[in-house]
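What follows is a short report on a single structure.
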Amino acid sequence: MTRIYIILFALMITVAPAMAQEAVEKNDAVAEEVVSGDAVEGDAETVQSDTGKVSLPTDYEERLKLAREMHEIWPIRLKVEQAIEMISRRVMEGNRPAFKSKMRKVIEFDALEKASIDAMAEIYTAKELQAMVKFYGSEEGRSINIKNSDYEEALKPALSKMLDKGMLDTKLGR
């Protein structure tokens with residue numbers, strides 16, 4: 001059952017930005033360029049990192065700046081706190097404060113934020129990050145962001161039921 005909480009936790013803190021993105025006709029063209037190996041947003045440059053040489057897009061600094069802006073609009077700490085709160089509802093009421101405290105001790109918020117910013121800068125193009133900043137910085141974007149936890153809460157029983165069934169079927173060899 002703990003695995004389900006971890007899966008739900010991971011989904012809750014990562015699904016919100018992806019859910020609000022609009023489908024744009026250019027996505028097909030961009031996907032074809034990526035698959036064919038053509039550069040989508042500029043060439044890559046090789047830099048030295050702690051783990052060796054890494055190839056980064058030439059606009060990586062711009063992407064980092066936009067990813068930081070995105071985190072000002074959509075702080076990862078807030079999403080993690082919401083996830084902890086939602087998960088804690090499944091813990092016996094008397095054990096909730098201790099559960100929340102333990103969860104907060106385990107999560108290194110600064111390291112998670114840095115990892116999230118780096119991941120955004122590596123995964124999303126500058127245009128995508130600009131669109132995210134514009135969207136989540138808007139009134140509608142903020143409203144959607146707030147409502148995402150209600151959406152996730154409404155979806156959780158169906159997802160949990162399906163995951164439980166899948167785990168049971170797996171154990172029973174169905």
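Summary of computed values
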| item | result |
| --- | --- |
| From the options Lys105, Lys134, residue that is closer than 13 Å to Leu66 by Cα and surrounded by fewer than 17 Cβ atoms within 10 Å (Cβ to Cβ) | Lys134 |
| Within the stretch 99-108, considering residues that are assigned to a helix (DSSP H, G or I) and touching a helix residue (DSSP H, G or I) at 6+ places or on another chain (Cβ under 9 Å), the one farthest from Lys134 (Cα to Cα) | Phe99 |
| Out of Lys114, Lys165, sole residue that is modelled with pLDDT of 95 or more and exposed (fewer than 15 other Cβ atoms within 10 Å of the Cβ) | Lys114 |
| Number of the exception - Asn145 against (1) under 13 Å from the mean Cα position of the chain (by Cα); (2) among the polar types (S, T, N, Q); (3) within 29 Å of Thr58 (Cβ to Cβ) | (3) |
| Positions within the stretch 71-98 being out of contact with any helix residue (DSSP H, G or I) (no Cβ under 8 Å at 6 or more places or on another chain) and of a type in the set (Gly, Ala, Ser), in sequence order | Gly94, Ala98 |
| Evaluation of Glu153 against (1) over 25 Å from Thr58 (Cβ atoms); (2) surrounded by 11 or more Cβ atoms within 10 Å (Cβ to Cβ); (3) at pLDDT 90 or above; (4) not hydroxyl-bearing (Ser, Thr, Tyr) (one fails), failing number | (3) |
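Yes/no per residue for (1) under 25 Å from Lys156 (Cβ atoms); (2) in a helix (DSSP H, G or I); (3) without any contact (Cβ under 8 Å) to a residue 60 or more places away in the chain:
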| position | (1), (2), (3) |
| --- | --- |
| Met70 | no, yes, no |
| Gln82 | yes, yes, no |
| Val91 | yes, no, yes |
| Pro97 | yes, yes, yes |
| Ala111 | no, yes, yes |
| Ala121 | no, yes, no |
| Lys127 | no, yes, no |
| Val133 | no, yes, no |
| Tyr136 | yes, yes, no |
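The values are calculated or read from the model by the stated rules, or taken from the named source; none is laboratory data. Everything numeric here is computed off the predicted structure, so don't read it as measured data. Every residue, glycine as well, gets a Cβ built from its backbone with ideal geometry; the counts of neighbours run over all protein chains shown.
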